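Scroll down for the structure; my scribbles are underneath it.
The values are calculated or read from the model by the stated rules, or taken from the named source; none is laboratory data. Everything numeric in this text was worked out from a predicted model, so none of it was measured. All Cβ positions, even for glycine, are placed from backbone atoms using ideal geometry, and neighbour counts span all protein chains on display.
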Amino acid sequence: MSAAPHQTAVSPRSEILRVENLQTEFHTSAGVVRAVRDVSFSVFPGETLGIVGESGCGKSVTMASILRLLPDTGRVVGGSVFFNGADISKYNDVRMEAIRGNLVGMIFQDPMTSLNPVYSVGEQLIEHLVKHKGITRKAARVKAVDMLAMVGIDNPSERLKSFPHQFSGGMRQRVMVAIALITDPLLLIADEPTTALDVTIQAQILELMKRLKAELETAAILITHDLGVVADTCDRVLVMYGGKIVEQGRVGDIFYRPQHPYTQGLLGSVPNPKAPVRERLVPIPGQPPDLLSPPKGCPFVPRCRYAMAVCSDHMPDSYPVADGHKSACWLQHPRAPRADRAAAGVTR
């Protein structure tokens, strides 16, 4: 954790995005992978929602499912997605194209593979605007220049002519931010936007995203494995494990009052530079569950030191801990052993 958790009041207005019981599967030669299992959450105007968890827990697949960007082997098999009040889970591809890249902006992990290498940066920005906003190329070029300047690229009029390989990694990611925000979307989704960038560039990109999000009043979802980024950037956090949300709450709740053993394990396995004394890092033992045959109970059971018999047989409900703070753990049940509840720091 590199900073004290950022905290902003969540808007009381209606949610921009609501996901209900989302389920996604991949059909492979080895069998059916149940990658996302009954995931539900909301995103509100002006807030930044962080989604954290180990690789393979379902973070990116959840976003790809919402936007229908799954590969041919994947399919959404259950649940609903409501965007700006409309049930987009029923939309066909044509109607989804009016949302993707327009009302919802997306920043992918690798800008080099996300940008088309045979078109100039300017052409990609201009084409994006012409398609989604129906404006002239001349007007689109003016806005493209303004957007490149806004994301901190010098001499934007000339850099419109440059190709992606003529930019550094940090500059390419700035271009991706520009493309994602140039249509003034209601929601920005950033999937590991600072992966493979050095620490200084990471900080610049995150600061840029925060500033532009505030200026444009855009809600955001940030997918990351970096808890320091979450602490500095997000208002609320979802913790995913084994294709499920195991804990959710405001960023202060997750960092200072974690209730699920997996969340506690994540926090215990990263250094805290603000700790008064040097702390020993404690890795989470074992491996994530095999989602070809997911457990019927809590997916964290084999790695949990507080596991009880009921944990293996039944998936716990998501118990309310405090206002907006929930944990899917049997330790939250009032009949759980008091000693284990106390040892795990259960406050409910």
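If you take the residues in the range 105-133 that are of a type in the set (A, V, I, L, M) and not in a loop (DSSP other than H, G, I, E, B), which one is modelled with the lowest pLDDT?
Of the range 105-133, the ones of a type in the set (A, V, I, L, M) are 106-107, 112, 115, 118, 121, 125-126, 129-130.
From what's left, not in a loop (DSSP other than H, G, I, E, B): 106-107, 112, 121, 125-126, 129-130.
Details: Met106: 91, Ile107: 89, Met112: 72, Val121: 95, Leu125: 95, Ile126: 96, Leu129: 94, Val130: 94.
Filtering first and then ranking leaves Met112.
Can you tell me which of (1) assigned to a loop (DSSP other than H, G, I, E, B); (2) over 24 Å from Glu127 (Cβ atoms); (3) in contact (Cβ under 8 Å) with a residue 40 or more places away in the chain is the one Asn102 doesn't meet?
Asn102 satisfies all of (1) assigned to a loop (DSSP other than H, G, I, E, B); (2) over 24 Å from Glu127 (Cβ atoms); (3) in contact (Cβ under 8 Å) with a residue 40 or more places away in the chain except (2).
Failed condition for Arg95, given (1) among the basic types (Lys, Arg); (2) surrounded by fewer than 14 Cβ atoms within 10 Å (Cβ to Cβ); (3) touching a residue at least 12 places away in the same chain (Cβ under 8 Å), with all others met?
Status for Arg95: all satisfied but (3).
For Asp232, indicate whether it is at pLDDT below 90 and under 15 Å from the mean Cα position of the chain (by Cα).
Numbers: at pLDDT below 90: yes; under 15 Å from the mean Cα position of the chain (by Cα): yes.
Yes: the conditions hold for Asp232.
Taking the condition in contact with a strand residue (DSSP E or B) (Cβ under 9 Å, 6 or more places away or on another chain) and crowded, with 16+ Cβ neighbours inside 10 Å, does Ile88 pass? Show your work before the answer.
Working: in contact with a strand residue (DSSP E or B) (Cβ under 9 Å, 6 or more places away or on another chain): yes; crowded, with 16+ Cβ neighbours inside 10 Å: yes.
Criteria met by Ile88.
Give the range 146-203 a look and list any residue that's in the same structural domain as Cys234 (by TED's automatic domain parsing) and farther than 19 Å from Leu216 by Cα, or say none.
Within the range 146-203, Asp191, Glu192, Thr194, Thr195, Ala196, Leu197, Asp198, Val199, Thr200, Ile201, Gln202, Ala203 meet the criteria.
What is the number of the single condition among (1) free of Cβ contacts under 8 Å to residues at least 24 places away in the same chain; (2) crowded, with 18+ Cβ neighbours inside 10 Å; (3) over 25 Å from the mean Cα position of the chain (by Cα) that Pro316 does not meet?
(3)
If you go through the range 19-47 one residue at a time, how many are at pLDDT 95 or above, within 13 Å of the chain's Cα centre (by Cα) and of a type outside the set (A, V, I, L, M)?
The number of residues fulfilling the criteria is 2.
For the structure I just gave you, tell me whether Val321 is farther than 28 Å from Asp191 by Cα, surrounded by 13 or more Cβ atoms within 10 Å (Cβ to Cβ) and either in contact with a Ser or Thr (Cβ under 8 Å, 6 or more places away or on another chain) or assigned by TED's automatic domain parsing to the domain that holds Arg37 (or both).
Values: farther than 28 Å from Asp191 by Cα: yes; surrounded by 13 or more Cβ atoms within 10 Å (Cβ to Cβ): yes; either in contact with a Ser or Thr (Cβ under 8 Å, 6 or more places away or on another chain) or assigned by TED's automatic domain parsing to the domain that holds Arg37 (or both): yes.
Considered against the rule, which asks whether it is farther than 28 Å from Asp191 by Cα, surrounded by 13 or more Cβ atoms within 10 Å (Cβ to Cβ) and either in contact with a Ser or Thr (Cβ under 8 Å, 6 or more places away or on another chain) or assigned by TED's automatic domain parsing to the domain that holds Arg37 (or both), Val321 comes out as yes.
Please give the number of the condition Lys210 fails out of (1) modelled with pLDDT of 95 or more; (2) in the same structural domain as Phe44 (by TED's automatic domain parsing).
The one condition Lys210 does not meet is (1).
Provide a single number: the residues in the range 324-346 that are in a helix (DSSP H, G or I) and touching a Ser or Thr at 6+ places or on another chain (Cβ under 6 Å).
Of the residues in the range 324-346, the ones in a helix (DSSP H, G or I) are 330-332, 338-343.
If we keep only those that are touching a Ser or Thr at 6+ places or on another chain (Cβ under 6 Å) too, we end up with none.
Selection size over the range 324-346: 0.
Within the range 259-269, identify whether any single residue is crowded, with 17+ Cβ neighbours inside 10 Å, under 22 Å from Met63 (Cβ atoms) and not assigned by TED's automatic domain parsing to the domain that holds Arg37, and answer yes or no.
no
Can you list the helices (runs of 4 or more DSSP H) found entirely within the range 208-282 that contain at least 2 residues being of a type in the set (Gly, Ala, Ser)?
227-233, 261-268
For every residue, the table says whether it meets (1) under 18 Å from Gln248 (Cβ atoms); (2) in the same structural domain as Arg211 (by TED's automatic domain parsing).
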| position | (1), (2) |
| --- | --- |
| Asp38 | yes, yes |
| Glu54 | yes, yes |
| Val61 | yes, yes |
| Asp72 | no, yes |
| Arg95 | no, no |
| Pro117 | no, no |
| Leu129 | no, no |
| Thr136 | no, no |
